[in-house]
Amino acid sequence: MGSMDTPTITENGTTQSHTAAAAADGEQKPLASSNGAPAEMTLESEATKKRRVGMLPLEVGTRVMCRWRDGKYHPVKVIERRKVHYGGPNDYEYYVHYTEFNRRLDEWVKLEQLDLDSVETVVDEKVEDKVTSLKMTRHQKRKIDETHVEVGHEELDAASLREHEEFTKVKNIATIELGRYEIETWYFSPFPPEYNDSLKLYFCEFCLNFMKRKEQLQRHMRKCDLKHPPGDEIYRSGTLSMFEVDGKKNKVYGQNLCYLAKLFLDHKTLYYDVDLFLFYVLCECDDRGCHMVGYFSKEKHSEESYNLACILTLPPYQRKGYGKFLIAFSYELSKKEGKVGTPERPLSDLGLLSYRGYWTRVLLDILKKHKGNISIKELSDMTAIKAEDILTTLQSLELIQYRKGQHVICADPKVLDRHLKAAGRGGLEVDVSKLIWTPYKEQN
């Protein structure tokens, strides 16, 4: 391969290449190989090639730079590998985790995407675990921007976290088809064994049954009578509807919803016994039916005052205000029950961000409009938000001080305006007048 000479300016003002200048100084040019490249370069490239071949296939645990979809190289860790069909002995694909990003971006990559010159020695995971296992929290492990974790709530311990990540380390389903969307999945979901060989699944968007092939879905859709989630429609405003689905009455739907949700929620415990839960499924409605946007679930009876167990907005509908709408809806149900509520911990990373935004907006709006003093207890009674969540939110906004043994809210109007501006839009509003619902009561 030829190389470009860099021109240099000589004393008389004419340009001359470095190689020509070197020859004029009496320096000897390197010998050329038969293909025209310098012999030294050929020897070096052969040695490099030999070294690269020697390190293949890459071991699980290897750290290397990988070219991502943005065209740039990012550090990754090899999680798993698999042989390429009809390939040579060293032809593998590698399942990698981008160490800068959330696990939802883990993926299979080809060898040519990896920069073998950047390969690092395999880290001894046991040694690494001893250093970090006692300190590592779930949120730190995910490397999300949010660094503050609510205290006083149970999280997965380090051993459980490692066990979970080992079991779920490789995504089993790459994409799903749901209604008019094809969606890339984020995480592993424990579908029944007969679906182990399926990279793509086809869901009926109404009953949530799933199939391996498009033709199966088409046949199913001709027979499926549902045009909305099973259960009671408890809210309709414009094109938005909310359905309450009892897991005991609609067990298969509840289990299918959990399988689907697990593809987009990392540390979600999959409950096969859905009898204990109510599912609130939010839909966009048109003349073809009611299409699921997202959902939240809650226990029928919670001793810890949890008003929400899991929450998910499907990827095609994210960043449209639906997450905050689902959260607001859960608190409206708590108000109807005459209780204060809080979400079950641990929250997902996106769930934590959504709750922080909701609590901030609701509390700032009240403080902005309220005249005179107001206590945390009064705020809790007005909003159905648990006192501890109010306290941590106001502390993060630096709107509360501890004086003479009690917390005092300091709501300077200018500070409130600044926080309101930073909080952004409040999302879709729940029109309480359109909510027709009575709290769940066990029927004998």
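Distance between the pseudo-spin-label points of Lys300 and Glu215 (7 Å out from Cα toward the beta carbon): 4.2 nm.
So, with a 1.4 angstrom probe, what is the percent of accessible area on the stretch 59-120 that is carbon and sulfur?
Details: 1710 of 3350 Å².
Ligands and nucleic acids excluded, carbon and sulfur reach 51 percent.
With the alpha-carbon atoms of the stretch 349-430 aligned to their principal axes, the span from lowest to highest coordinate is 38, 25, 22 Å, starting with the largest.
What order do Ser198, Ser375 take when sorted by accessible area (1.4 Å probe), most exposed first? Display every interim value, and only then the final one.
Values: Ser198 10, Ser375 50 Å².
So the residues, ranked largest to smallest area, are Ser375, Ser198.
If you count only protein heavy atoms with a 1.4 Å probe, what accessible area per residue comes out for the stretch 172-299, rounded to a whole Å²? Don't skip to the end; give the middle numbers.
Working: 5570 Å² over 128 residues.
Averaged over the residues of the stretch 172-299, the accessible area is 44 Å².
Rg and Dmax of the stretch 59-120, both derived from C-alpha coordinates alone, stand at 11.1, 33 Å. Averaged per residue, the stretch 349-430 has 59 square angstrom of accessible surface, using a 1.4 angstrom probe with ligands and nucleic acids left out.
How high is the relative contact order of the stretch 349-430? Use alpha-carbon pairs under 8 Å, at least six apart in sequence, and give a whole percent. Mind dumping the intermediate values first?
Numbers: 53 pairs, mean separation 27.5, N = 82.
After rounding, I find 34 percent.
From largest accessible area down, sort Arg361, Arg222, Arg81, Arg418; use a 1.4 Å probe on the protein chains.
Ranking Arg361, Arg222, Arg81, Arg418 by accessible area, largest first, yields Arg222, Arg418, Arg81, Arg361.
Rolling a 1.4 Å probe over the protein chains gives Met65 an accessible area of about 60 Å². With the whole protein complex present, Trp108 retains an accessible surface near 70 Å², based on a 1.4 Å probe.
May I ask you to give the percent of accessible area on the stretch 387-429 that is carbon plus sulfur, with a probe radius of 1.4 Å? Present the calculation step by step, with values, prior to reporting the outcome.
Details: 1500 of 3010 Å².
That share works out to 50 percent.
Between Val170 and Lys377, the simple spin-label model (points 7 angstrom out along Cα→Cβ) gives 5.8 nm. Largest accessible area first, the residues Glu107, Glu112, Glu429 order themselves as Glu429, Glu112, Glu107 under a 1.4 Å probe with ligands, DNA and RNA left out.
Given 0.36 nm per residue, what is the gain on full extension from Leu391 to Glu429 after removing their alpha carbon distance, in nm? Before the final figure, lay out the partial values.
Details: separation 38, 0.36 × 38 = 13.68 nm, distance 2.40 nm.
Full extension from Leu391 to Glu429 adds 11.3 nm.
Give me D for the stretch 264-407 in µm² s⁻¹, whole number, from Stokes-Einstein with Rh from the Kirkwood sum over alpha-carbon pairs, 4 °C and 1.567 mPa s. Each step should come with its number before you reach the end.
Working: Rh = 16.6 Å.
D = 78 µm²/s.
The values are calculated or read from the model by the stated rules, or taken from the named source; none is laboratory data. Computed from a predicted structure; not experimentally measured. Neighbour counts run over all protein chains shown; Cβ positions are idealised from the backbone, glycine included. Side chains are part of the model used for accessible areas, which takes the heavy atoms of the whole protein and leaves out ligands, DNA and RNA. Shrake-Rupley method; radii C 1.70, N 1.55, O 1.52, S 1.80 Å.
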